[in-house]
Amino acid sequence: MSVQTPTRPITGPAPAIQDPYPTRLAKKPDMPWLNRREKVVKGEAADGPLSQQQLDEFEQRGFLFEPGFLDQREVEELTVHLHELLARDEFRGRDFSVTEPGSEEIRSLFAVHFLSERFNQLARDPRLTGRARQILGGDVYVHQSRINYKPGFHGKGFNWHSDFETWHAEDGMPSMHAVSASIVLTDNHHFNGPLMLIPGSHKVFVPCLGATPDDHHKQSLKTQEFGVPGNDVLQTLIERGGIEAPTGKAGGLILFDCNTLHGSNANMSPDPRSNVFFVYNRRDNVCDRPYAARRRRPSFLAHGPGETWTP
């Protein structure tokens, strides 16, 4: 693997006094959550393609679903690329390739905008970057990219979690200035394990229990156990906001805040579910030392601005 040498420190947890969002704690905190410090939407309607109504919805709910973001031709083209990548034998057994628990079937390929020029073009598409800049209020770069594939009948689910909690604890992301863009490349329905989100959960930070094990990513990318909120907190937030799972035809776009709690069920249907996923981080929010881990995760999981990566 060839990676441009980063200039930022990558080992040792950041001093606790500097941490506005402490997590991976040894004991249950006195308060179930901390109020979010940052604004959710930093830009204005005049700054990009999203309307004021869409920005208000993102502000309030922590996500936005846009059906028909890509047309059928684009979906078909990207789907071909996705399956070509998943079928490449040289990717199996590599650290950036995650297989289903107990199987050799690939469920995720990371750093996909480096693996495929077509997905690199999509990551830089102004339709996506414009929305990200508008929400985040500044220039952005791709912090993480991947394709996800959840096969019919056998695709496993993902526990409830906040991406920011992981990126803060294990990548050293300082603040909530990141947004995720997920484009669904297969029809999403209630039985093939669609993304589920808790509306309003982005406005609080839920500390999680348990020290981060070394090389935690090797297990968490298959089944996450650390960095998962407790059931009592989840129940309270779900009673307040409910659960929503955007469904619809292939080509829809789900934009969600880095701190929105989300997860997915197993795919109990014969229909596979796949999506391409880009995380846009604001350039002045570059990752530093991890806040709750001894070492940062590998670069295929957390890119810096201007960094390059090859398998």
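The values are calculated or read from the model by the stated rules, or taken from the named source; none is laboratory data. Please read these numbers as outputs of a predicted model, since none were measured by experiment. All Cβ positions, even for glycine, are placed from backbone atoms using ideal geometry, and neighbour counts span all protein chains on display. Accessible surface is based on the protein model in full, side chains and every heavy atom, while ligands, DNA and RNA are left aside. Shrake-Rupley method; radii C 1.70, N 1.55, O 1.52, S 1.80 Å.
A Förster radius of 30 Å, combined with the Cβ-Cβ distance separating Leu25 from Glu307, puts the computed FRET efficiency at roughly 0.45.
Given their separation in residues at 0.36 nm each and the Cα-Cα distance between them, Gln60 and Arg294 gain 80.7 nm when the chain is fully extended. For the pair His83 and Arg240, the difference between a 0.36 nm per residue extended length and the Cα-Cα distance amounts to 52.6 nm.
Straight-line reach from Lys203: taking Cα to Cα under 12 Å and skipping same-chain neighbours fewer than 8 places apart, the aspartates and glutamates in range are Glu38, Glu59, Asp257. Placing a label point 7 Å from the Cα of Asp47 along the Cα-to-Cβ direction, the residues of the range 276-296 whose backbone N falls under 14 Å of that point are 281-285.
Between Ala123, Ala45, Ala169, the GNM of the chain built on Cα springs shorter than 10 angstrom shows Ala45 fluctuating the most. Taking 0.36 nm per residue of separation and subtracting the Cα-Cα distance, full extension of the segment from Phe153 to Lys39 would add 37.0 nm.
FRET efficiency for the Asp187 to Glu105 pair, using the beta carbon distance and R₀ = 22 Å, is estimated at 0.60. Taking only protein heavy atoms and a 1.4 Å probe, the accessible area of the chain is 51% carbon and sulfur. Please check: in the Gaussian network model of the chain (C-alpha springs, under 10 Å), which one of His189, His202, His161 has the largest mean-square fluctuation. Per the Cα network of the chain with a 10 Å cutoff, His189 tops the list.
Per residue, the chain exposes 44 Å² of solvent-accessible protein surface, assessed with a 1.4 angstrom probe and all protein chains in place.
Seen from Phe256, the other residues with C-beta closer than 11 Å to its C-beta sum to a net charge of -2, counting Lys and Arg as +1 and Asp and Glu as -1.
Each stretch of four or more DSSP H residues adds -39500 (n - 2.57); spread over every residue of the chain, this sum gives -6000 deg cm²/dmol at 222 nm. Here the range 96-147 and the range 246-295 have alpha carbon centers that stand 9 Å from each other. For the chain, modelled as a GNM whose springs connect Cα atoms under 10 angstrom apart, the maximal fluctuation among Lys150, Lys203, Lys27 occurs at Lys27.
The C-alpha radius of gyration of the chain, expressed as a fraction of 2.2 N^0.38 Å, stands at 0.93.
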